[in-house]
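Here it is, the structure in full.
Here, each number is a calculation from the coordinates, and none is a lab measurement. The model shown is predicted, which means the values in this text are computed figures rather than measured ones. Note that each Cβ is placed from the backbone with ideal geometry, even for glycine, and that neighbours are counted across all protein chains shown.
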Amino acid sequence: MAVAELTKELSQMAHPHEQAPQPDAAGAAPADAPEPGAPTVIVDDLHIVYRVYGAASAAEKGNAANALMRIVRRQGRPQMKEVHAVKGVSFVARHGDAIGIIGRNGSGKSTLLRAIAGLLPPHKGSVYTNGQPSLLGVNAALMKELTGERNIVLGCYAMGMSPTQVKERYDEIVEFSGIGEFVQFPMSTYSSGMGARLRFAIASAKVHNVLLIDEALATGDRDFKRKSQERIHQMRDEAGTVFLVAHNLDVIEETCNRVIWLHKGQIKMDGDPQTVLAAYNS
Amino acid sequence: MSQPESAVADSRAGDRAGGSSPSGKESLSALAERHGLRRAIARPSLPVYVRQLWDRRHFVLTYATSRNVSKYSDSALGQLWQVLTPLLNAGVYYLMFGVIMGQRKDLTNYTAFLITGVFVYGYTQRSVTGGAKSISGNLSLIRALHFPRAALPLAYTIQEFQQLAISMGVLFVIVLVTGESLTWLWLLIPFALLLQTIFNVGLSLLLARVGAFVRDMNQLLPFILRTWLYTSGVFYSIPARMKDQPEWARFLLEFNPPSVFIDLMRHLVLNSYPKDLAAHQFPHSTLPQLWLYAGFWAAVALIGGFWYFWRAEERYGRG
């Protein structure tokens, strides 16, 4: 899979001289950070409950008579299921932290990121942040029927950029995406790699305060992977705190100074990468 | 829907002072307060919210235009459909109510009368339908990016406004071709459209919240809107129909918001319409009265809809 390729690429590009700092579990920041140790994100006993619609049970069979019987018997809306995705997570992230979040599929990693970004309301507990954390992802705002040009403008506005910022960044986005004259064609005509490159170029055009990176982010050919990896490093330097969700543990080990292991919506372990990854792998 | 979630969370966070924080010394909420961190999900105050929405005006406009462009992008005629759709609509209704059902004796220019009603009602109808889906149909966008959620129903209404602007061009041609003349009253058309747009924004904000939490709304809405269509005097003249009925019954029908906007537009665009009403001595609301009603509905819908939508701001996207 392309994502896996990216993460592999990231690990191959490891800079041996850029050894990630290894602080204690409380998450002290590297000494050269402007405001070392100041909390940027505090997650306090966070619970996230999703409501999922359309998940009819096997007994339901989704026919009208059964649905009516349900209502008559006052069993509530049958197609609605509640998913308790995050169950009481607490931690403090500090300035200069690059925190990797690991865990199996469905352990609540992406949900946690969205909650930190302030996009999913907590069921219980709260998330305190310094400034507005942003999720690196703009895909949902783009329309595949539109040209790359229009999508760049639309995506930039969706991320909250001003018209002057969009003008400034436009050429850079086109150049970074490397899609050339295809920018004038609808995105539906792009190959999957080209689409991913443009999306990543748009998403990464904005300067972020607290940056949240979900792994399903960048794909593309070898060249672009290197470019996007450099861009992620650059963004990590610019942002005060970075959260990174990835399945490829090498990337986490190389990029992060702290790792949180989520298991079934709860923190199973929180500490320096070597300890946590060793436990996760065993 | 009873209590804002953040308020509940607030009280709980207060209760667990000295709870199980990693530091073990102070509660996480106290730590957050000491460092000036704010809750990630907190509803901004109404003035702040309005300012945030204003800051996103470029997004709202671009999003509306983009939706309009993408709507017809896979058809061969492309953007021409923006004109063809209202034309064909007018044609179908003319065939149905003008030709098959026969012309009306009491209305000189039934074609223009009908098409004005269809276009004006269609604007409100599509704004409401779009508004009801604007949150529930864009959950992935809401879960990925941060912006005042009112931007979405607003963008849907503006998208419909852009469509309507083209429809109005078609309407003016039809009206002039069918024998109406250009009058000074036409200068007031933008104000009538402005009031209707304000009303539509308010109503679509209201339905955006309802549609976000009551999933069945999108199934029910077409029936509600069709009933509303038949009671709004699109196909018939309310003053003509209600001439033998009590005064209050006529007022009730005429005060119905879509009827107000439709009649307002007819008074402005069709100079034969007021003459018809006068010639048959149908009791009817006068033009100043219609302006008053329109202003009333615009104000009520916008203030009520905006406030109602804003009250649930932090809960959109949960499901």
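Can you tell me which of B:285, B:70, B:204 moves the most in a GNM of chain B? Springs connect C-alpha atoms under 10 Å apart.
B:70
Say the dipole of chain B comes from +1 at the beta carbon of Lys and Arg and -1 at that of Asp and Glu; which of B:252, B:92, B:214 then lies farthest toward its positive end?
Farthest along the dipole direction, towards plus: B:214.
Can you sort B:259, B:181 from fewest to most other Cβ atoms within 10 Å of each residue's own Cβ?
Values: B:259 24, B:181 10.
Least to most surrounded, the residues fall as B:181, B:259.
I would also like to ask the following. What pairs in B:71/B:133; A:225/B:71; A:87/A:109; B:105/B:243 have C-alpha atoms more than 22 Å from each other? Please list the in-between numbers first.
Values: B:71/B:133 16 Å; A:225/B:71 34 Å; A:87/A:109 12 Å; B:105/B:243 15 Å.
As for pairs spanning more than 22 Å Cα to Cα, those are A:225/B:71.
Using Cβ counts within 10 Å as a stand-in for footprinting exposure, how do A:86, B:177, A:43, B:83 rank, fewest first? Could the numbers behind the result be given before it?
Working: A:86 28, B:177 10, A:43 25, B:83 14.
Ranked by crowding around the Cβ, least crowded first: B:177, B:83, A:43, A:86.
Would you kindly compute the Cα radius of gyration of chain B and its largest Cα-Cα separation (Dmax), both in Å?
24.0, 86
Related question: Along each principal axis of its Cα atoms, how long is segment B:168-319 end to end? Whole angstroms, biggest number first, please.
57, 35, 26
What distance in nm separates the simple spin-label points at residue A:223 and residue A:281, each placed 7 Å from Cα in the Cβ direction?
For the pair residue A:223/residue A:281, the computed spacing is 3.5 nm.
At 20 °C and 1.002 mPa s, what whole-number value in µm²/s does Stokes-Einstein give for the translational diffusion of segment A:136-268, with Rh from the Kirkwood sum over Cα pairs?
On the way: Rh = 15.6 Å.
The Stokes-Einstein estimate is 137 µm²/s.
Give the order of B:157, B:183 when sorted by the count of other beta carbons within 10 angstrom, beginning with the fewest. Working shown, then result.
Working: B:157 30, B:183 12.
Ascending Cβ contact count within 10 Å gives the list B:183, B:157.
How far apart, in nm, are the 7 Å Cα→Cβ label points at residue A:162 and residue B:244?
Inter-label distance under the simple model: 6.7 nm.
Something else now. Using θ = phi - 60° and the Karplus form 6.51 cos²θ - 1.76 cosθ + 1.60, what ³J(HN,Hα) does each residue of segment B:152-167 get, whole Hz, x for Gly and Pro?
3J(HN,Hα) across segment B:152-167, in whole Hz: 6, x, 4, 5, 5, 5, 5, 4, 5, 5, 4, 4, 5, 4, 5, 4.
Right, here's the next one. Hey, what's the Cα Rg ratio for segment B:268-319 versus the globular rule of thumb, 2.2 N^0.38 Å?
1.95
In whole Hz, with x marking every Gly and Pro, tabulate ³J(HN,Hα) for segment A:171-188 from phi via Karplus 6.51 cos²θ - 1.76 cosθ + 1.60, θ = phi - 60°.
Values, residue by residue: 4, 4, 5, 4, 5, 5, 5, x, 8, x, 6, 5, 4, 8, 9, x, 5, 5 Hz.
Once the Cβ-Cβ distance between residue B:186 and residue A:50 is put in as r, and R0 is 51 Å, what FRET efficiency do you end up with, to the nearest 0.05?
Details: r = 53 Å, r/R0 = 1.04.
Once the sixth-power term is evaluated, E becomes 0.45.
Can you tell which of B:98, B:130, B:211 shows the greatest fluctuation in a Gaussian network model of chain B with Cα springs below 10 Å?
It is B:98.
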